[in-house]
Amino acid sequence: GCFVFKPSPKKRRVSQKTAIHFREGKNDSEDSELRFDTCQSLWNQIKLETEQIQEDLNKQLLDNLVSFLRRSHSEFQGKTTEWTCRMKSREIPTAALVLGVNVTDHDLTFRNLSEALQNNITPYIALLEAKDCPGIKNLMQKLMGQLMNCSTDVVSLEDEDYVQVSQNRTRCSMKSLVDWYDSVTKKTDSETLSKKRTSSSKHQQSPPVVVIFKDMESFTTKVLQDFIVIGSQHIRELPLVLIFGIATSPMIIHSLLPHSVSSLLCIELFQSLSCKEHLSTIIDKLLLTSRFPFKLGEKVLQVLINIFLYHDFSVWNFIKGFQLCIVEHFYSEPLSVLCCQLADAKKRVNSLSHDQCENIRRLPSFRRYVERQEAEKQIALLTADSFLKETTQKLLEDLHVYHENYVSVLRCLHVFACSLPKYPLGKQIRELHCACLENRVWETEEYESSLQLARMLNKSDLETMLQQCVEILVSSSGNKFDKAVEKLKEFLTQFQKLEEAFQEQDVSVSSQKELQKKTDLYHLQKTLLELKDSRRSKKLTKFEMLRFEVVDYIDSLVRSYLVPADHKTLHEIVYFNTASVLRGHLNAAPRIALHTALNNPYSYLKNQALKSDGGSISNKAPDICIVYKLHLECGRLINLVDWLEAFSTVVTAVEGANADAASSDQVDDIIHARFIRAVSELELLGFIKPSKQKTDHVARLTWGGC
């Protein structure tokens, strides 16, 4: 007999409520959903903050561009005589926008620029990329297509059919573009157009047509030359404005265009903010703040910074890496449910289950905390869940206070480091932050050399540094800096009363005059020896003593508040420290990833049905995985007929009817189609190619293990 045992449908169901599948044995179902909601809420807050930061950083640049276009537009309206002179020379107003080599960040900048121009200047904006414009004909088609789609928001409903017909039938040329622009802008008597203009008076009667070349370096020289020459010939009828997106240097304009063409452009240069300054602002607003409970460990932060500095200079990729850290932390850490605001974390501690309490007891930092307690308290922490929850609430509060104090003192140390003639601790605050996270910063050689340099600062530098530290500590959210502020203000008061520095200067001047009077060698040597002895026996002045006190006090603040985060109890809840996982995600190894996915699909899909022994091939695997594992057993040339039979045997291994068909050499059409598709996918991935030696064979292209 032949008996069929169908798998249980319960095993095939996949929960659609939870978007992230957490590791087995580390979470409960309700805990998983709460962790996902917490992760999503946290990322939404960080995303909004990031967008606001980028908007603030680009505000000056966008305002300058809007002002430039408004001037060009007003000149076209005839308000000044400069536009008339420019028309005679046929110059096109052009903005050279230098954005830097971080090309992946340019899309966001151009998107914000388009929105700003549409809200303030003109609805007629076209964004062109080099890949879409290999020739002047393609460029004109793309340009007119985008502009006519923009016009549907401005023209009346009756004109929409005209726009669609004109886009399909009108020849794509500059003359057609001029005719379209005239037909759109001169319909002032239309009722709907008047309503539109009264509702959006920000667009004037003849708004300019803005053409943005997103990647100017990638455009061919001939395309740019032809478009500029044609546009300059119609500049009297069409208020054309060009914006060149430049990644390298403004000199690329003169490298791509000859003088006869570049002279047709009236170029104004605009420089965006440096990507390094942009990154420093992002780190300052996202990581060096107590607003967001999630933190990055030193190694993880260093991985993200190294990728930024040595690969792409992309702030957007840094933010995506930061998002990946958040998802991975909430994915792998069961106690990340407590990674939220302090008030919410305390409420969630009260609702922890016994298994979650055991997870807290397993944390290495909590084990070290228990070992430092007395015997009775150790027993209570390890056995009583209620006492553990009370202690956890207190430890989370201490961790929150630590973060507030850490950020304030770190900023003071940054001011202290930037006031030195050299930068042993680094000029950027992110470098100082990494040094403090790595180990005790006061034990490093760079810190010792910084203290030595600080003991040689003059009075004005010390006063400036103290004043900035007072402002930082006063504005801090930490509540333990009242005494520190009073102490620093006391130092400032003492500095104001000092006059020894001027007396020392007078003494040095008098000694120099005395040296100038005694010209013979004997008296000169005698005077120099007396000065040397006096310097050896000289006592410290009040200024020098006060300077030592200031440096020592700053040092005491550093030692008290800049303890590395991994020394604090329960830091695993809010800190993500698994740099190896992040490096595996971000540092791409495509061949290894492909081999792993095709050879062992369970590693990615986490489907129990895909688990298989070492050399066996499961018929539950995707078709491409079966075909891939079969092709690994073949030589240089693979017979397609044999390959198909082997594939059919694996697919129909446990299905009775299909197995009989396969045994009688009758291959089902569906299996045949699945095989052809899988082989085509392998060819697309580059594992095989058709062979010219034998028509029914394919050649294998990859060899060796990963």
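The values are calculated or read from the model by the stated rules, or taken from the named source; none is laboratory data. These numbers come from a predicted model, not from an experiment. Cβ atoms come from the backbone with ideal geometry, glycine included; neighbour counts cover every protein chain shown. All accessible areas refer to the heavy atoms of the entire protein, side chains included, with ligands and DNA or RNA removed. Shrake-Rupley method; radii C 1.70, N 1.55, O 1.52, S 1.80 Å.
Ranked by the mean number of other Cβ atoms within 10 Å per residue, highest first, peptides 617-630, 677-690 order as 617-630, 677-690.
Note on the stretch 358-450: Rg/Rh from Cα positions, Kirkwood definition for Rh, rounded to two decimals, is 1.16.
Given C-alpha coordinates of the stretch 366-416, what is the ratio Rg to Rh with the Kirkwood estimate of Rh? Result for the stretch 366-416 is an Rg/Rh of 1.21. Our estimate of slack between Leu492 and Glu268, defined as 0.36 nm per intervening residue step minus the Cα-Cα distance, is 75.8 nm.
Rank these by accessible area, largest first, 1.4 Å probe: Tyr423, Tyr331.
On the way: Tyr423 105, Tyr331 55 Å².
If we order Tyr423, Tyr331 from most to least accessible, we get Tyr423, Tyr331.
Remark: for residue pairs Lys47/Lys606; Lys131/Lys689; Lys276/Lys427; Lys422/Lys539; Lys285/Lys422, the C-alpha separation exceeds 21 Å in Lys47/Lys606; Lys131/Lys689; Lys422/Lys539; Lys285/Lys422.
Each 10 Å bin from zero holds the following percent of Cα-Cα pairs in the stretch 215-321: 11, 32, 20, 18, 14, 6. Ratio of Rg to Rh for the stretch 393-445: 1.06 [Cα atoms; Kirkwood radius as inverse mean 1/r over pairs]. Contact order for the stretch 291-438, expressed relative to its length and based on alpha carbon pairs under 8 Å spaced 6+ residues apart, stands at 21 percent.
By how many nm would the segment from Asn350 to Lys480 lengthen if fully extended, with 0.36 nm per residue of separation less the alpha-carbon distance? Spell out each step's value before the answer.
Working: separation 130, 0.36 × 130 = 46.80 nm, distance 2.79 nm.
So the chain would gain 44.0 nm between Asn350 and Lys480.
Give me the percent of the accessible area of the stretch 322-376 that comes from carbon and sulfur atoms, probe 1.4 Å, all protein chains in place.
Of all accessible area on the stretch 322-376, carbon and sulfur atoms account for 46 percent.
The stretch between Asp552 and Ile592 holds 9.0 nm of extra length on full extension. This uses 0.36 nm per residue minus the Cα-Cα distance. 3J(HN,Hα) along the stretch 481-489, derived from phi through the Karplus expression 6.51 cos²θ - 1.76 cosθ + 1.60 where θ = phi - 60°, amounts to 10, 5, 5, 5, 5, 4, 5, 5, 5 Hz, with x in place of Gly and Pro. Shape class for the stretch 422-473, computed from the alpha carbon gyration tensor (a ≥ b ≥ c): oblate, with a/c not under 1.5 and a/b at or below b/c.
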